[in-house]
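To start, the structure under review is shown below, and the notes come after it.
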Amino acid sequence: MTARITATMWEAKANPGSGDALVDWVYATALPSLEGTSGLERVEVFRSADSRVVVISLWTGEPSGLPDPPRDLVARPPHEWDFEQVQR
């Protein structure tokens, strides 16, 4: 039997001029908050040209959310979605 894999996508839009600071916050604060969490398999960070930051984490256990970033870094609260892997 194959383990269920869940991908969690967390997305935040940085305030104008705060894209670098948001990425720094993700690496300094958000990602360390996941260290040692049971079921975490992998985490990747992406950035768009319009200062959106996306964190995709893959889980074999119950996904754990990221903390909220400082309000001065983001244009709105982050969004988060869970996706289940499709087996064919």
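The smallest convex shape that holds all Cα atoms of the range 13-68, its convex hull, gives 70 Å³ per residue. A Förster radius of 30 Å, combined with the Cβ-Cβ distance separating ARG71 from SER38, puts the computed FRET efficiency at roughly 0.50. Of the trypsin sites (Lys or Arg not before Pro) found in the range 1-50, those that fall in a DSSP loop while having at most 13 other beta-carbon atoms within 10 Å are ARG4. In a fully extended conformation the segment linking VAL45 and ASP20 would gain 7.7 nm over its present Cα-Cα distance, using 0.36 nm per residue.
Accessible area per residue for the range 1-63, computed on protein heavy atoms with a 1.4 Å probe, is 56 Å². Roll a 1.4 angstrom probe over the protein heavy atoms and tell me the percent of accessible area of the chain that is carbon or sulfur. Carbon and sulfur together cover 51 percent of it. When peptides 14-27, 73-86 are sorted by average Cβ neighbour count within 10 Å, with the highest value leading, the order is 14-27, 73-86. Summing +1 for each Lys or Arg and -1 for each Asp or Glu among the other residues whose beta-carbon sits under 12 angstrom from that of TRP25 gives -3.
Computed from label points 7 Å out along Cα-Cβ, the spacing between PHE83 and THR29 is 2.7 nm.
The values are calculated or read from the model by the stated rules, or taken from the named source; none is laboratory data. This one's a predicted model, so the numbers in the text were calculated from it and none came from an experiment. As a convention, Cβ positions derive from the backbone with ideal geometry for all residues, glycine included, and neighbour counts pool all protein chains shown. Accessible surface areas use protein heavy atoms only, side chains included; no ligands, DNA or RNA. Shrake-Rupley method; radii C 1.70, N 1.55, O 1.52, S 1.80 Å.
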